[in-house]
Amino acid sequence: MECIFCKIIKGEVPAKKVYEDNNVLAFHDINPQAPIHILIIPKKHYSNILQTELREIEPIFSAIKNLVSDLGLEEGFRIVNNCGELGGQTVDHVHFHLLGKRKLTWPPG
């Protein structure tokens, strides 16, 4: 069965996109944990970060850098990657959370 993020990439499931290029898609989380909560995903499916190739990570962080500027998050933000069930990963497609526009505390959960 195809994952929900792959369906979003194909346009089969709607999402509020904020960034897209040939390698990366970014969209608003449907259950935001901060005023700004964006998910950034590679368009190529990898189950988790351990399966990605290094060349796939650079475009993701380049997109994050652009989003930080575009969304006015220069004063502070958090980037999160949950890996595996024990790490809190709930969608089997590597993704990064970009959270901002509120005071973020530690530990997160």
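The values are calculated or read from the model by the stated rules, or taken from the named source; none is laboratory data. Everything numeric here is computed off the predicted structure, so don't read it as measured data. Neighbour counts are summed over all protein chains in view; Cβ atoms, including those assigned to glycine, are modelled from backbone coordinates with ideal geometry.
What to note about this one:
So that you can scan it fast, the table gives a plain yes or no per residue for (1) surrounded by 11 or more Cβ atoms within 10 Å (Cβ to Cβ); (2) in a loop (DSSP other than H, G, I, E, B); (3) in contact with a Lys or Arg (Cβ under 9 Å, 6 or more places away or on another chain); (4) not aromatic (Phe, Trp, Tyr):
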| position | (1), (2), (3), (4) |
| --- | --- |
| 8 | yes, no, yes, yes |
| 13 | yes, yes, yes, yes |
| 22 | no, yes, yes, yes |
| 27 | yes, no, yes, no |
| 39 | yes, no, no, yes |
| 45 | yes, yes, no, yes |
| 50 | no, no, no, yes |
| 55 | no, no, no, yes |
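- Within the stretch 87-109, the residues that satisfy the criterion of being in a loop (DSSP other than H, G, I, E, B) and either touching a residue at least 60 places away in the same chain (Cβ under 8 Å) or in contact with a Leu (Cβ under 7 Å, 6 or more places away or on another chain) (or both) are 91, 92, 93, 95, 101, 102, 104.
- Close pairs (6 angstrom Cβ cut-off, 6 or more residues apart or separate chains): touching a residue at least 24 places away in the same chain (Cβ under 8 Å) in the stretch 18-33, charged (D, E, K, R) anywhere: 23/43
- Residue in the stretch 62-70 that is assigned to a loop (DSSP other than H, G, I, E, B) and over 19 Å from residue 16 (Cβ atoms) present: no
- For residue 84, the conditions (1) at pLDDT below 95; (2) exposed (fewer than 14 other Cβ atoms within 10 Å of the Cβ); (3) assigned to a helix (DSSP H, G or I) all hold with the exception of (3).
- Residue that is farthest from the chain's Cα centre (by Cα) [pool: residues in the stretch 76-109 that are aliphatic (A, V, I, L, M) and under 21 Å from residue 41 (Cα atoms)]: 86
- Candidate set: the stretch 1-53, residues that are out of contact with any Leu (no Cβ under 7 Å at 6 or more places or on another chain) and small (Gly, Ala, Ser); chosen: the one nearest to residue 98 (Cα to Cα): 15
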